[in-house]
1. Can you name every residue in the range 160-190 that is more than 13 Å from the chain's Cα centre (by Cα) and in a strand (DSSP E or B)?
2. If I filter the range 181-190 down to residues being under 24 Å from THR114 (Cβ atoms) and surrounded by fewer than 17 Cβ atoms within 10 Å (Cβ to Cβ), which single residue comes out as modelled with the highest pLDDT?
3. Pull out all pairs, ordered by first then second residue, where Cβ-Cβ is under 6 Å, the residues are six or more apart or on different chains, the first lies in the range 190-201 and is farther than 14 Å from VAL263 by Cβ, and the second is crowded, with 16+ Cβ neighbours inside 10 Å.
4. Looking only at residues that are more than 20 Å from PHE88 (Cβ to Cβ) and assigned to a strand (DSSP E or B) in the range 1-53, which one is nearest to the chain's Cα centre (by Cα)?
5. May I ask you to say which residue of GLN265, GLN241 is at pLDDT below 95 and at positive phi?
6. Between a residue in the range 19-45 that is more than 17 Å from SER58 (Cα to Cα) and any residue that is of a type in the set (Gly, Ala, Ser) and surrounded by fewer than 21 Cβ atoms within 10 Å (Cβ to Cβ), which pairs come within a Cβ distance under 6 Å, given they are 6 or more apart or on different chains?
7. Could you please find all residues in the range 115-147 being over 14 Å from GLU10 (Cβ atoms) and touching a helix residue (DSSP H, G or I) at 6+ places or on another chain (Cβ under 6 Å)?
8. With the requirement that a residue be within 23 Å of the chain's Cα centre (by Cα), of a type in the set (A, V, I, L, M) and buried (at least 18 other Cβ atoms within 10 Å of the Cβ), what does the range 203-230 give you?
Amino acid sequence: MRDTLVIDIETKKSFAEVGGEKNIRELGISVAGVYSYAKDAFFAFEEQELPKLEDLLSDTGHIIGFNINHFDIPVMEPYLDGVSFAKFAVTDMFEDAVNFLGHRVGLDGLAKATLGSGKTGHGLEALEWFKQGRIEEVKKYCLDDVRLTRDLYEYGKKHDHLLFESFIDGKIHSIPVSWGKEIKKPILQILEEAFDSRQRLSIEYVSSEDSDGLGFKKARLIDVYKIKPNGEIEAYCHLRQGLRNFRINRILKAEPTSDSYSVPQDFQHTLFT
């Protein structure tokens, strides 16, 4: 079975030193931190040791990181000519979070809200340590980030969501994720089919807030009354005994039941209105 690697890199230079993000490939690598699932081990490679990372990647099918698509991979590519990153399945936690939220969220914020502990430093500190020759401190900092990233991934796989503190209301909110899950049929297609056949659905839904103290993820039985063009459905929720709006991208799983239902007359009998 091919390996899964969690990867994080520290650079030799800052964006300011190379003339901005357009020159990302010139940042250079001071340390590449890796966790190998197959070996259950952490590795910290200095620049001259990067061929060892290439060896690990040769037997890897899945890589995990935080902003790995737009940062770590472009920085690694000049060093790893023999590696085609296009062949890997990539889980980019930063990308998944931004795509859902519509705004940036940091590794530190996710880790503090989800795991109860955050980063041990800042990337700019690691730059200074490298320039001062304090390479062991850079390695420790880098591997601490690798460990956080791995632990966040494992939490997301187990609980189907991560947590973050909103800068808008200061509350803890959830970000649904479906890492490690095989998606057999798109959720929207299941909703449309259930609406057409008037078939009750059993769903797993991740609420934005844990308003009742019973957890963010709950199993619910719903009857779909309307599928809206804004990415929501209006449905009768048997858990809450009333009408509720559900965001489709917060529905982790939907399965038809053997029960049917009728849509009240005051709802339009069309999929989209």
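1. Initially, the range 160-190 is screened for residues more than 13 Å from the chain's Cα centre (by Cα), giving 165-173, 182-190.
Hits for the range 160-190 are GLU165, ILE172, HIS173.
2. Filtering the range 181-190 for residues under 24 Å from THR114 (Cβ atoms) gives 181-183, 187.
Then drop every residue that is not surrounded by fewer than 17 Cβ atoms within 10 Å (Cβ to Cβ), which leaves 181-183.
Values: LYS181: 76, GLU182: 73, ILE183: 68.
Among residues in the range 181-190 that are under 24 Å from THR114 (Cβ atoms) and surrounded by fewer than 17 Cβ atoms within 10 Å (Cβ to Cβ), the one modelled with the highest pLDDT is LYS181.
3. ILE190/ALA254
4. GLU10
5. Working: GLN265 fails: at positive phi.
Of the residues listed, the single one that is at pLDDT below 95 and at positive phi is GLN241.
6. Matching pairs, first to second residue: VAL31/ALA44.
7. LEU115, GLY118
8. ILE203, VAL206 - these are the residues of the range 203-230 that are within 23 Å of the chain's Cα centre (by Cα), of a type in the set (A, V, I, L, M) and buried (at least 18 other Cβ atoms within 10 Å of the Cβ).
The values are calculated or read from the model by the stated rules, or taken from the named source; none is laboratory data. These figures come from a predicted structure and were not determined experimentally. Note that each Cβ is placed from the backbone with ideal geometry, even for glycine, and that neighbours are counted across all protein chains shown.
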